[in-house]
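First the structure, in the form of structure tokens, and then the observations on it.
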């Protein structure tokens, strides 16, 4: 179409839009946008279907001819031996408490004193050494200290942890941590 033929069509469209009013024009615009959106979704769906067909046509990975087998589970005697091998030594409990204090200092916590309680479990032939530590510092430092203790002393268990903050805006909090150290006095 050239410019001479296009001008009458534009004039007719303009007259029709003025007669139809703004509501009809808005409805017509929404219909046009809906058709454009539908065609875009249709195109995307066709591309996804083509991609899935291409992916499913890809060659499958070769199946191994030898399957790996899991190691047989440990016997109760082996488990018991491993348990006792993991326990700490009762004679080293002062050094273990020193490790707790050193790790607290490394984490930037203030730790003045602790409460200690020892016991012996006759059935399990295991000594326990409970350590209650009141510490002060940041929340992150308390958790870093806790995780460092559990890594450094694999025979320790975190039994209890509680937090207290004096005020909402205070970055320093008071925490109480109760660890139990599981110890052996001699080889079972």
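Values for this structure:
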quantity	calculated
Criterion violated by residue 152 - all others in (1) farther than 28 Å from residue 168 by Cβ; (2) surrounded by 14 or more Cβ atoms within 10 Å (Cβ to Cβ); (3) within 25 Å of the chain's Cα centre (by Cα) satisfied	(2)
Whichever residue in the stretch 162-181 is touching a helix residue (DSSP H, G or I) at 6+ places or on another chain (Cβ under 8 Å) and surrounded by 14 or more Cβ atoms within 10 Å (Cβ to Cβ) and, among such residues, is nearest to residue 82 (Cα to Cα)	181
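Values quoted throughout were computed directly from the atomic coordinates according to the rules given, and no laboratory measurement underlies them. Just so it is clear, the model here is predicted, and its values are computed rather than measured. Glycine also receives a Cβ, built like all others from the backbone with ideal geometry; neighbour counts cover every protein chain displayed.
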